[in-house]
């Protein structure tokens with residue numbers, strides 16, 4: 001009788017774990033975790049647990065992209081970290097996405113926010129330049145020895161977001177992509193196998209989500225970990241520096257990078273289950289659990 005009861009309890013526990021997802025402490029560690037156990041407050045904070053330094057990359061030095069700014073944790077004792085390249089949108093410069101540099105770096109990444117060779121570069125060119133910036137980080141930058149070259153990611157705003165999709169299409173080894181209110185004439189991405197978080201904006205009149213972000217998300221294969229969050233009432237420029245205190249964009253971007261660049265399952269709790277439709281999001285889609 002005791003054996004039957006024990007078996008039944010074990011089966012119930014397994015069913016609940018499958019339904020609800022394992023608790024963060026029960027999930028396997030990747031070995032790349034950085035920083036203390038996260039909380040909702042810590043992923044929304046303007047600064048993470050690590051102090052950040054910066055260095056400038058000139059256009060002349062960069063050559064294959066338009067230069068940029070490197071943000072990196074000053075504490076070398078944390079070991080090698082993942083790296084993220086971030087592109088601005090059409091006609092914009094790195095200043096529009098610069099707020100993401102220290103925000104992400106303070107959570108334990110090297111980040112480069114780039115200028116493009118021309119502010120009029122289209123998404124495919126921006127994708128090439130994002131990958132070029134990552135090559136620069138891992139082979140030529142002053143912090144190249146601080147970076148694990150197998151753990152790289154891309155992000156971008158508008159055409160930079162379209163560029164992030166171009167980058168992961170061309171290089172499936174990239175660990176994560178975060179297109180922010182993305183724009184691209186190519187609306188289908190069946191080639192993308194890189195975990196992708198798409199953030200759209202309900203009132204985007206530059207890249208309306210029904211023509212861009214939603215289509216991009218929907219075309220990424222369901223076998224690829226992906227999530228779509230559409231900001232209620234927000235404009236195309238919600239992810240840029242004019243909204244640099246935006247805790248929603250920051251917290252989900254950081255959580256995505258932590259989960260898929262670092263394999264840090266402590267951050268799964270902020271992604272799965274996907275947030276509910278409500279005052280923050282008007283459309284949410286996800287392939288949870290991951």
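Which of these, 114, 199, 78, has the largest mean-square fluctuation under a Gaussian network model of the chain (Cα springs below 10 Å)?
Judging by the Gaussian network model, the answer is 78.
Based on C-alpha coordinates, I'd like the Rg and Dmax of segment 116-184, in Å.
11.8, 34
What residue among 201, 29, 85 has the largest mean-square fluctuation in a Gaussian network model of the chain, using Cα springs under 10 Å?
Per the Cα network of the chain with a 10 Å cutoff, 29 tops the list.
If one puts a single equal scatterer on every Cα of segment 51-286 and applies the Debye formula without solvent, what log₁₀ I(q)/I(0) results at q = 0.12 Å⁻¹?
After summing over all Cα pairs, the log10 values are -0.56.
Taking every DSSP beta bridge that has both residues in the chain, what percent is antiparallel when rounded to the nearest 5? Write out the running numbers ahead of the final one.
On the way: 15 of 39 bridges.
Counting only bridges with both partners in the chain, antiparallel ones make up about 40 percent.
GNM, the chain, Cα, under 10 Å: largest mean-square fluctuation among 265, 39, 181?
Greatest mean-square fluctuation among the candidates belongs to 39.
Once both labels are modelled 7 Å past Cα along the beta-carbon direction, what's the residue 205-residue 173 spacing in nm?
The modelled label-to-label distance comes out at 4.5 nm.
Report, in degrees rounded to the nearest 10, the 0 to 90 angle that the Cα long axis of helix 247-260 makes with the longest principal axis of the chain.
70
Provide 264, 171 in ascending order of the number of other Cβ atoms located within 10 Å of each residue's Cβ, fewest first.
Numbers: 264 25, 171 15.
With the fewest neighbours first, 264, 171 line up as 171, 264.
Is the shape of segment 191-255 best called rounded, prolate or oblate, per the rule: a/c under 1.5 gives rounded, else a/b larger than b/c gives prolate, else oblate, with a ≥ b ≥ c the square roots of the Cα gyration tensor eigenvalues? Don't skip to the answer; put the middle values down first.
Numbers: a/c = 2.66, a/b = 1.38, b/c = 1.92.
The shape class here is oblate.
Under a plain spin-label model, where a point goes 7 Å from the Cα along Cα-to-Cβ, how far apart in nm are residue 285 and residue 223?
Roughly 1.9 nm, to one decimal.
Could you give the nm distance between label points at residue 46 and residue 95, where each point is 7 Å from its Cα heading toward the beta carbon?
Going by the 7 Å Cα→Cβ label model, 1.9 nm.
What is the calculated FRET efficiency for residue 76 to residue 150, with r their C-beta to C-beta distance and R₀ = 25 Å, to the nearest 0.05?
Values: r = 19 Å, r/R0 = 0.76.
So the FRET efficiency works out to roughly 0.85.
Return one number: the angle in degrees, 0 to 90 and rounded to the nearest 10, between the long axis of the Cα atoms of helix 159-170 and the longest principal axis of the Cα atoms of the chain.
For 159-170 against the chain, the angle is about 70 degrees.
None of the figures in this text is laboratory data; all of them are computed from the coordinates on show. It should be emphasised that the depicted structure is a prediction, and the values quoted were computed from it without experimental measurement. Positions of Cβ are backbone-derived with ideal geometry, glycine not excepted, and every protein chain shown enters the neighbour counts.
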